[in-house]
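Only one structure is covered here, and it is reproduced in the block below.
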Amino acid sequence: MDAVGTGQVLASKWDAAYGVAMFLKVMVGSLPAWMKWVIGSLLAVVVLYEGYRWWRGRETAVR
């Protein structure tokens, strides 16, 4: 679908997320393997911690 009379293609709602993911892939792609592992491990810890906080908050809200 293009914008009215401009010939430009409108972006879908997922294009921004795809752009951010590709930006991060390029930024991390040039790093050494050990640094990729460190960054990945730190991200995994943050995701697990946030999941734990969400789970604990959900548990206390039920009571």
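The values are calculated or read from the model by the stated rules, or taken from the named source; none is laboratory data. On a predicted model such as this, the values are computed, not experimentally measured, just so you know. Cβ: placed from backbone, ideal geometry, glycine included. Neighbour counts: every protein chain shown.
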field: Matching residues, segment 5-18, being surrounded by 10 or more Cβ atoms within 10 Å (Cβ to Cβ) and at pLDDT 80 or above
entry: 12, 15, 16, 17, 18
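This table checks each residue for (1) at pLDDT below 90; (2) among the hydrophobic types (A, V, I, L, M, F, W, C); (3) in contact with a strand residue (DSSP E or B) (Cβ under 9 Å, 6 or more places away or on another chain).
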position: 3; (1), (2), (3): yes, yes, yes
position: 20; (1), (2), (3): yes, yes, no
position: 32; (1), (2), (3): no, no, no
position: 44; (1), (2), (3): no, yes, no
position: 63; (1), (2), (3): yes, no, no
